[in-house]
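One structure below.
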Amino acid sequence: MDGFNSADEVIEAIINDIRKNLERSKITYKNMKILITGGAGFLGSYICQVLIAQGAKKVICYDNFASGKKENIETLMDKDNFEFHFHDISVPFNPEENVEIVMHLASRASPFEFEHHPIQILKSNTLGTMNALEVARMYDAQFFYTSTSEVYGNPDPSHVPTPETYWGHVNSVGPRSCYDESKRAGEAYVKAYELEYDIPIRIARIFNTYGPRIRGGPLFGRVVPNFIEQALNNEPISVFGEGKQTRSFTFVSDEIEGLLRLAYPGITAARGEVINIGNNQENTVEELAKLVIEMTSSKSAIKYFALPKDDPVRRCPVLDKAKKILDWQPRTSLRDGLRYTIAWFKYMLQ
Ligand code: UDP
């Protein structure tokens with residue numbers, strides 16, 4: 001199917017691609033000890049796999065499968081250098097082992113969950129961030145925080161594309177506030193620990209990322225898996241509003257490569273920095289719907305639904321800082337990224 005023989009082969013191709021691109025720049029986590037929260041999630045599981053593939057001394061993964069999945073880390077469970085802890089990170093934790101980097105990724109990130117699990121989201125991004133920072137403090141480790149483009153909220157179009165210096169335009173009592181405001185508070189925690197304890201920190205602001213392993217199913221409601229599943233089932237494509245809102249869709253291999261560059265201690269210029277990691281090719285939701293229909297040769301028609309409250313009108317990053325400090329920019333076109341993602345979903349829906 002599309003040059004692959006299984007869903008695992010699609011993932012393997014992505015992992016190899018990330019490794020190749022990192023190793024070309026001599027970025028390797030070989031022999032390092034890294035703790036990762038949310039390590040069974042969509043992004044976290046790729047990070048765990050790349051770190052293990054690069055020969056990390058130990059990868060310690062914390063996850064409570066709130067949105068992560070056991071299947072995502074199944075191939076790692078029997079590795080000597082991989083350790084898994086089933087744990088809710090809003091409760092303090094201690095690996096009781098020296099780690100060099102703490103990567104904090106744990107959080108539910110889908111708008112559907114903002115509505116159904118707002119308290120848990122607030123807790124993992126505030127208390128969870130503080131607990132993860134405490135681990136970094138205990139072991140003198142570097143702290144890597146995955147923040148989000150959501151900290152920019154719904155910017156006036158004159159602030160799109162958005163640089164890291166933009167302060168944001170967020171509704172603190174809106175339907176997305178549990179996520180936006182707690183991620184903002186998380187950034188403030190990280191800066192506070194840097195100020196008070198001199199912890200080396202780095203903050204990534206992640207833009208809409210898609211790819212194999214992104215959760216599908218009607219409950220999770222992210223646009224790319226929704227459209228692909230609907231198209232493959234020849235069901236109506238659910239475009240919200242008129243579909244004129246934009247997102248800059250980042251393919252998972254690009255995102256993970258960018259994150260692992262930013263977290264890499266050898267890139268010393270990244271210390272203390274906040275950097276957008278995303279794609280700067282902006283597409284409307286309607287364009288995405290049409291592309292997915294075309295690429296799946298689907299009989300689906302577009303069906304329009306009400307636009308959710310506070311849905312950001314445009315989202316696109318300025319990437320100058322990532323290019324300058326990390327020598328990174330996304331390489332994968334939307335069409336190429338969708339090719340991998342559609343291939344993976346075809347296997348998963350079989
Ligand atoms: N969207 C849509 N149909 C869907 C799911 C989402 O039109 O079935 C829209 C949504 O309103 C938003 C964009 O697609 O404008 C991206 O939504 P997603 O939930 O993927 O992420 P967000 O960027 O909103 O966090």
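Here Leu35, Leu43 are screened, and the one residue that is in contact with a Leu (Cβ under 9 Å, 6 or more places away or on another chain) and not polar (S, T, N, Q) is Leu43.
Take region 32-41 and flag every residue that is surrounded by 24 or more Cβ atoms within 10 Å (Cβ to Cβ) and either out of contact with any Cys (no Cβ under 7 Å at 6 or more places or on another chain) or modelled with pLDDT under 95 (or both).
The first filter runs over region 32-41 and keeps only residues surrounded by 24 or more Cβ atoms within 10 Å (Cβ to Cβ), leaving 34-41.
Across region 32-41, the qualifying residues are Ile34, Leu35, Thr37, Gly38, Gly41.
Among the helices (runs of 4 or more DSSP H) contained in region 56-143, which hold 1 or more residues that are among the aliphatic types (A, V, I, L, M) and open to solvent by 10 Å² or more (accessible area, probe 1.4 Å)? Even if it seems obvious, please write down each step before you answer.
On the way: elements: 111-116, 118-125, 127-139.
Hits in region 56-143: 118-125, 127-139.
Within region 193-200, the presence of a residue that is among the aliphatic types (A, V, I, L, M), within 12 Å of the ligand (Cβ to nearest atom) and farther than 19 Å from Pro155 by Cβ is excluded. Can you find even one residue in region 97-114 that is free of Cβ contacts under 8 Å to residues at least 40 places away in the same chain and out of contact with any His (no Cβ under 8 Å at 6 or more places or on another chain)? No, region 97-114 contains no residue that is free of Cβ contacts under 8 Å to residues at least 40 places away in the same chain and out of contact with any His (no Cβ under 8 Å at 6 or more places or on another chain). Of all the listed residues (Gly168, Gly174, Gly153), the sole one being out of contact with any helix residue (DSSP H, G or I) (no Cβ under 7 Å at 6 or more places or on another chain), of a type in the set (Gly, Ala, Ser) and open to solvent by less than 70 Å² (accessible area, probe 1.4 Å) is Gly174. The listed residues are Pro212, Pro218, and the only one of them that is within 19 Å of Lys20 (Cβ to Cβ) and part of a loop (DSSP other than H, G, I, E, B) turns out to be Pro212.
The values are calculated or read from the model by the stated rules, or taken from the named source; none is laboratory data. Just so we're clear, the structure is a prediction, and the values are computed from it rather than from any experiment. No Cβ is skipped: glycine too gets one built from the backbone with ideal geometry, and neighbour counts run over all protein chains shown. When the accessible area is computed, the model is the full protein with side chains, heavy atoms only, and any ligands, DNA or RNA have been set aside. Shrake-Rupley method; radii C 1.70, N 1.55, O 1.52, S 1.80 Å.
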